[in-house]
Amino acid sequence: MFNSRKQDPFFSSLHKIAENMQEAVHYANDFRIETVADLKEISIKMKEYETAGDKLIHDLIVMLNKSFMTPIEREDILSLAIRMDDILDGTEGCIAHFEMFSLTEIDQSMRDFLGYITKSTDEIVKAMDLLNKKDLVGMRQHAILVKDYERQCDEVLRSSIKQLFLNEKDPIRLIKFKDIYEQLEEIADYCQNVANTIETIIMRNA
């Protein structure tokens, strides 16, 4: 269906959106929060990633509006871009809550969530690499892995909430941690949405 020798500008744009999202999530996962000042630093950096992501989305929309022909349905291109941007926005929002709560403690459940989310973004970028090469069928394995990581996050959420209500005596602390857990699970859901969109694109075009 595609001319594999020529790089498509829409697929290149999606790849840039994916890479920016991946870099932001890796930054959040690797950053070590020890003080309130650290929270401010990471919040500022995540806002920069979000702003860059918004510009990439805007540029893609402008390109879509100017183009008569697209390599796949324009709705699929836009949906894929927005769903990847949801991951970035969700991560930035979660970090903003850390700062709002002045929460400098990162527990094992949070690390597990971020680990699976980071792995999901790696798989999404690999899928975009293949889309750039017009290898739609090859993308499927990466979508499957993203869904597997989301299921792992479901398990982390159940166990972390259970342990929180069993062991945490401070109601304010309980509220803070529960909020963060649920936001991290929502980011994992956003990753799954990207995987679902990838599978839809494969079904329609492969």
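Readers should treat all values here as calculations from the given coordinates under stated rules, not as data from a laboratory. Owing to the predicted nature of the structure, the values given are computational and were not obtained by experimental measurement. Cβ placement follows ideal geometry from the backbone for every residue including glycine, while neighbour counts extend to all protein chains displayed.
Would region 136-151 turn up any residue that is in contact (Cβ under 8 Å) with a residue 40 or more places away in the chain and either among the aromatic types (Phe, Trp, Tyr) or within 21 Å of HIS58 (Cα to Cα) (or both)? Yes, region 136-151 has at least one match. Total residues in region 161-182 satisfying the condition of being more than 21 Å from the chain's Cα centre (by Cα) and assigned to a helix (DSSP H, G or I): the figure is 13. When restricted to residues that are of a type in the set (A, V, I, L, M) and buried (at least 18 other Cβ atoms within 10 Å of the Cβ), region 58-97 contains 9.
Every residue, every condition in (1) under 26 Å from LYS178 (Cα atoms); (2) assigned to a helix (DSSP H, G or I), yes or no:
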| position | (1), (2) |
| --- | --- |
| ALA28 | yes, yes |
| ALA37 | yes, yes |
| ASN65 | no, yes |
| PRO71 | no, no |
| ASP76 | no, yes |
| LEU80 | no, yes |
| GLY90 | yes, yes |
